[in-house]
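**Q** Structure below; questions to follow.
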Amino acid sequence: ADLKEGMEPVEIRLQPGGILRLRLVDEAGNPVVDGRVALTGPAGVFSGNMNWSAKTGPDGRVQWTSAHTNQMLSICASRYPDFAMSSTRVKADGEEHVIRLQRAIAITGRVIDARTGELVREEIKAFPGYGDGENCWFRGEAWRSTSGTFQVVFHGGDYPWRFRIEAEGYAPYISEALIPVSGASLDVPLEPADPSEMVRGTVWRPDGQPAAGAQVALLNREQGATLRRACFAE
C-alpha cells in the first residue's frame, strides 16, 4: 500500500523462517573450523549485499534460522587460503547438509631468464587464472618475489586453470591449461620483452617542460588504477 499521513496502521505478518543446517568437512571428513559459508546470488556468484553469511564453529557446523523455505538456496563455502571454494544448492529443510572442501593447490618453482638460464632478480608477480578470456586473471591473489621463485595457489574456479608470471623487462608467461598437483615444482623461462611492443612516451608539464617524477599507469581490461591524493593507490 502507498504510505500517507493519517493512514490506518498497517499489519505485517512474518512467517517463521526456515532452518538451514550446514557442516563443512575436509576430504577425510574432519570438521573445517572457521570456514565461511554465504548465500550467493544468481549462478553462484558471491555478492557482498546478500543477506546472510556465517563462520563454522569447532565442529564445522553452522545454521541459519531465517532462511527462505520456498526455493533452493545457492551457498558457497570456503576457508581461505587453505581450502578451495565450493558451491552447492540446498534447501532449508532442517536436515544437516554436508559440504566437503578440497585443499587449495599450490604450484611453486623458479623463474629463469630464457637467454642466460639465470634466476630472474626483477620483482616477479605470479597469479592464477580461471577460465578463458582476458578477464580470467586473479591479480588480487598475486605472489610477489625478488628471489627468482614463484608460487601460485588455486582455490577453485572455472576451467581451464592456468597461471601467469610477469617481471619488468620480460614478456609475460602464460601457462598451458593444466591440472594442478599440489607441491608441483616448475622452472618457468621468461623471454625478454620485444622493444617494438614497449610503450614509450614523455609526460609534459603545462609550461612545455618534461615532468620529472610523474607517475604513469597502464590500464587494460584486467587492471585499473585508483587516484588517491594525486597519486596512484597501491
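The values are calculated or read from the model by the stated rules, or taken from the named source; none is laboratory data. Every value quoted in this text rests on a predicted model; they were computed, and no experiment measured them. Cβ coordinates were reconstructed from backbone atoms using ideal geometry, including for glycine residues, and neighbour counts include every protein chain displayed. For the accessible areas, the whole protein counts, side chains as well, though only heavy atoms, and no ligand, DNA or RNA atoms are used. Shrake-Rupley method; radii C 1.70, N 1.55, O 1.52, S 1.80 Å.
**Q** Determine if the range 159-178 includes at least one residue that is in contact with a Lys or Arg (Cβ under 6 Å, 6 or more places away or on another chain), part of a loop (DSSP other than H, G, I, E, B), over 23 Å from Glu27 (Cβ atoms) and open to solvent by less than 50 Å² (accessible area, probe 1.4 Å).
**A** Within the range 159-178 (the criterion being in contact with a Lys or Arg (Cβ under 6 Å, 6 or more places away or on another chain), part of a loop (DSSP other than H, G, I, E, B), over 23 Å from Glu27 (Cβ atoms) and open to solvent by less than 50 Å² (accessible area, probe 1.4 Å)), the answer is yes, since at least one residue qualifies.
Yes or no, residue by residue, for (1) within 17 Å of the chain's Cα centre (by Cα); (2) farther than 25 Å from Ala114 by Cα; (3) without any contact (Cβ under 8 Å) to a residue 24 or more places away in the chain:
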site: Asp132; (1), (2), (3): yes, yes, no
site: Gly140; (1), (2), (3): yes, yes, yes
site: Val153; (1), (2), (3): yes, no, no
site: Trp161; (1), (2), (3): yes, no, no
site: Leu186; (1), (2), (3): no, no, no
site: Leu190; (1), (2), (3): no, no, no
site: Thr202; (1), (2), (3): no, yes, yes
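**Q** Can you work out which of the residues in the range 113-128 that are in a loop (DSSP other than H, G, I, E, B) and among the acidic types (Asp, Glu) is most open to solvent (accessible area, probe 1.4 Å)? Spell out how you get there, then give the answer.
**A** Going residue by residue through the range 113-128, those that are in a loop (DSSP other than H, G, I, E, B) are 114-118, 120-123.
Next, from what is left, pick out any that are among the acidic types (Asp, Glu): 118, 122-123.
Values: Glu118: 117, Glu122: 91, Glu123: 91 Å².
Only one residue tops the list, namely Glu118.
**Q** Condition first: in contact with a Pro (Cβ under 6 Å, 6 or more places away or on another chain), assigned to a strand (DSSP E or B) and open to solvent by 20 Å² or more (accessible area, probe 1.4 Å). Now tell me which residues in the range 138-152 satisfy that.
**A** none
**Q** For Met72, work out the one condition from (1) open to solvent by less than 70 Å² (accessible area, probe 1.4 Å); (2) free of Cβ contacts under 8 Å to residues at least 60 places away in the same chain it doesn't fulfil.
**A** (1)
**Q** Among the residues of the range 104-124, are any modelled with pLDDT under 90 and under 30 Å from Gln71 (Cβ atoms)?
**A** No, the conditions are met nowhere in the range 104-124.
**Q** Could we say that Thr116 is closer than 15 Å to Ala193 by Cα, free of Cβ contacts under 8 Å to residues at least 60 places away in the same chain and of a type in the set (S, T, N, Q) here?
**A** The answer is yes for Thr116.
**Q** A follow-up question, please. Every residue in the range 217-231 that is surrounded by 10 or more Cβ atoms within 10 Å (Cβ to Cβ) and at pLDDT 70 or above, please.
**A** Answer for the range 217-231, where residues must be surrounded by 10 or more Cβ atoms within 10 Å (Cβ to Cβ) and at pLDDT 70 or above: Ala217, Ala225, Leu227.
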